[in-house]
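What follows is a single structure, written as structure tokens, with notes after it.
The values are calculated or read from the model by the stated rules, or taken from the named source; none is laboratory data. This one's a predicted model, so the numbers in the text were calculated from it and none came from an experiment. Heads up, the Cβs are rebuilt from the backbone with ideal geometry, glycines too, and the neighbour counts pull from every protein chain shown. Protein only, heavy atoms only, side chains kept; ligands, DNA and RNA dropped before computing areas. Shrake-Rupley method; radii C 1.70, N 1.55, O 1.52, S 1.80 Å.
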Amino acid sequence: MTIGFGMALYHSQAYVLEKAKATAVQSLKSIVSDSFMMVNKIESTANKMVPKIEHQLDTPDVMFSLSREVLEENKLLKGCSVSFEPYFFKEKGKYFSCYSYNNGDSIATEQEGDDGYQYFRMDWYQIPRLLDKKYWIEPYAEFNEDGIIVKEVMTSFCQPLHDKDGNVIGVLSTDLPLKWLSDFILSHHPFPKSYCMLLGRGGTYIVHPDSTKLLYETILTPTLDGDFPELKTLGRAMIAGETGTVSLALDGVNSHVFYMPFARTGWSLALVCPDEVLLHDYYILSWILIVLIVVAIIMMLAPIWTRFVVKADMSPSSQKASLLLTLFMLGTTLFFTACEQRQQVAHQEIEADSLMNAAYKMHDYDRLLSLADLHESTHALSPMKAHYWRGYAYSRLRKMRLAEREWKKAVDLDINDDDDLKYYSKSANRLAGLLYMKFDYEGTIRIAVPAMKLLQKKEFTMSTDYANLQTFLGCCQLRLGHKEDAANSFALAWQHFLQATESSDDIANYTSAIIGIVTITDTYIQTGHDHEAKDWTDRFDSMLLRYRQHPQADDNFIDKQWARLNFYRACILERLNERVEAQKAYQVALTTKYAKTSDGQIEATSYLMEAGRWNEAADKFTVLERQLQRYDMQMTLDNIRTFLIPKFMANASALRTDTALVTGKWICHALDSAIVKERQNNALELATLYDMQQKETEIIEQQASLSQQRFLSTAIILVLVIFGFGLFIYFRHQSSKRLKKAYHHLEMANARAEESSRMKSDFIQQISHEIRTPLNVLSGFTQIITSPDMEIDEEMQEDINRQIIENTNRITGLVNKMLELSDANSQKVIKRQDDVSAELIATDAIDASGIATAQHLQFDLQITEEAFNTTIHTNRRAATRALSLLLDNARKFTDPSEAHYHDNHDGEQKKATLRVYTDAEYLRFCIEDNGIGVPSDEAERIFNEFVQLDEYYNGTGIGLTVARSQARRLGGDIWLDPTYSGGARFIYILPLAKEDTDTEVETI
């Protein structure tokens, strides 16, 4: 036992620390995610404004309203300036910057810039202008006493403005107050004593609990006065925008620091957690285990003590305690062993993912296959991931049947976690693309539609994989002749591409979106829908512009896609007979580096052949053979159709007979080789598929046999263990269970008795108060009246008479309530002997309650025409009494003077409404008021005897009890509507039909 507890103590520290680390990392990710949403809102506001500004450069004065519009749309922003290059608007002079500032209750706007404040020399203007890209400026102190008064520390999101030729002509700057950002970040602290800090690009503190460090101190400042290697490592990693964890002494406290990049700003966010906080659960567990170790040692020495000292055997209870303690120790040991194994599995999964990604980046597809098989067998890789990676490797090795088989297996698997969901979407995307390339349009649709439905159900639509599934669906619809359906699918794909790029700043989302748009554009071109293709080139241009502004944008990728975009435009415009514009687009494409490459020259042939420029196209095709050799491309049927046939057509149309003849022979030879090669590949793939199916069948049979043996062994052991423990528990704990059950019943009875006693005491006190108050009044007025020396005028006499009558009625009413309460729990049905109209019940109850004459509220009776003409068979007195109690309740709890303290009157006009209407079975009375209301969780309790939710109000707590009792004994009911939040709403119903039973009745 001692060894077991020691092992638990040893393994628990690592487990608790890893669990705390996981919580901290998840919290940090949550902060970054929330921050990204905030940053994205600010950037989206600015992004939407840029086109408006650039399209209205001929009207400079409109810039003032546009700067205000930014602040009106996003309330987080404090300021916005639309600033232009010196003398850009010659009529405005050297300086023209439209600045708006949100004062909280209003937005002020002015033109800023003069010789004292040359805005175009400020870093918020210079940096985005020179970089020609969006940029988050480091926080700066803005203290302006001239014009609009500004005293804030700001950070700004700035982006350049362009004219129609693409030249930078100004900057749009949106200002976010640092205090808001600081409050937002510092509000997150997943552990006690933990805190967040935000560093700028140079390591400057932007957000930190110690405000003295802000803006004037960096994370590396302490290293100037001493050697702090861990702090240097942390500072450099955060400045470099890395993600990780480091353990160090920060400000004299041993801590773990978790850090990662902060949205798209170029800054870095860190969560600092003291070690004592992270290991708090471990310290508690350690004390528990130490106590258990001591107890275990005592239990081990107990037999020796009893044998040699006490000379007596251990009692059955001691043996039982020892057995239970041993079982607890064994369970604890198994628990921590399982935790350690889980940590090992998690480590193996991380290592497996790392190796898979390394092989993927090195294009080592054979190794990718072997790694997938190996790590799936050790459970370090889930089946979903393994099938995806095998399918990817096979596709790169041109083994398409095997790739299709693996991806089909992946999409047929169950999804167990978020990782599986991610690779399911990847597999479905790849499989749909493969089937589309095989011209299997119906097969593509059969894969894409169910996959999209599942991803929608799982709320996993913010990915480019989902958008690409929508793209392939649209391409199939277009090729099958469903043009409108295709247009809808493409529109949805575009929306999801935008959402994917806005929800995540991963550069892969942008590249995937551009490739998807290329697929759509190319499909429209191939199917001859030139106008639609032209529209999609505009979207292509828009997405490429967004990619260009990404900090991780690849210049070569931009150059290639810019060339491709203009080749597409040239081809489309040529088809639309806009030949001048087509030539311009083609010339723009030729200015790119990609157009000068062999790939670019071959891609340019599409336009040249469309334009009938056969000689130029034939010249471009001279590099084809070199390109095929360079990429070691096999002469498949697809390659023959894509490259050789267009080359033959270009040379034949250019009347280059010799070259066309050579190309024709090349096509014949390549076609023969491709057919033979295709048959060989098909045979090899089919053989491989057959071998794999055979092996899978053998493995399944072996696994089934092993599973059956394990199941039988486990079942026998479990039956024996359960039987043994069942007997032990049954014989040893039977009496204990009976005792616990009796004790539980006793506790419940005692609690009910105590509650009943308390409620009765409260009731007696309340009754004493309710009776004493009117009796004191009557006694006082009696003394006045009977005093021989007291002269009473007529007005005072009338007031005394009124109050004597009121208090006498109050005592009479209280006595009547007491009598009614004595009968409240009766199950006898009240005899219904009166035919009475709904309107009469309502007016009698209003008069009896006095609610209509109450000075503090406005009462309104609303009765429908159908209810007004309704007569029911009931007991008039009981029905009226129940309704009057409800109206009295509304009158009382809308009147602050009814409470013992009158300082809670808020000046609001109190209202009460009685609505009377009918439905198919019941006459309904709805009593609404805007008084103090009733909490929804007390909706039933208020009908119990003596219950008063607010002790400051006069009353006995029996009115609602009596009202519900009488309603139910009349065949109706009363309840509180818990959905009503403006005060209280009671519903009182009475049956419309006459009673037709012989149930025992009581006459009132």
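What the table shows:
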{"read-out": "Segment 213-261-segment 17-78 distance, computed between alpha-carbon centres (Å)", "value": "28"}
{"read-out": "Environment charge at LYS164 (Cβ cut-off 13 Å; Lys +1, Arg +1, Asp -1, Glu -1)", "value": "-4"}
{"read-out": "Using θ = phi - 60° and Karplus 6.51 cos²θ - 1.76 cosθ + 1.60, couplings along segment 613-624 (whole Hz; Gly, Pro as x)", "value": "8, 5, 5, 5, 5, 4, 4, 5, 6, 5, 8, 4"}
{"read-out": "Tensor-based shape of segment 519-594 (alpha-carbon gyration tensor, a/c under 1.5 rounded, otherwise prolate or oblate)", "value": "oblate"}
{"read-out": "Distant-in-sequence amide H partners of ILE107 (H built 1.01 Å from N, under 5 Å)", "value": "none"}
{"read-out": "Under-5 Å amide H pairs with LEU923, H placed in peptide plane, nonlocal only", "value": "LEU990, LEU992"}
{"read-out": "Three-way shape call for segment 416-561 based on the alpha-carbon gyration tensor, with the a/c threshold at 1.5", "value": "oblate"}
{"read-out": "Partner lysines for LYS647 [C-alpha distance under 24 Å; skip if fewer than 8 residues away on the same chain]", "value": "LYS438, LYS560, LYS593, LYS596, LYS620, LYS665, LYS677"}
{"read-out": "Neighbourhood net charge (15 Å Cβ-Cβ; Lys/Arg +1, Asp/Glu -1) for GLN783", "value": "-2"}
{"read-out": "Order of exposure, largest accessible area first, which applies to ASP175, ASP414, ASP973, ASP506 with probe 1.4 Å", "value": "ASP414, ASP506, ASP973, ASP175"}
{"read-out": "Pairwise FRET efficiency - ALA993 versus GLN833, Cβ, R0 = 25 Å, nearest 0.05", "value": "0.95"}
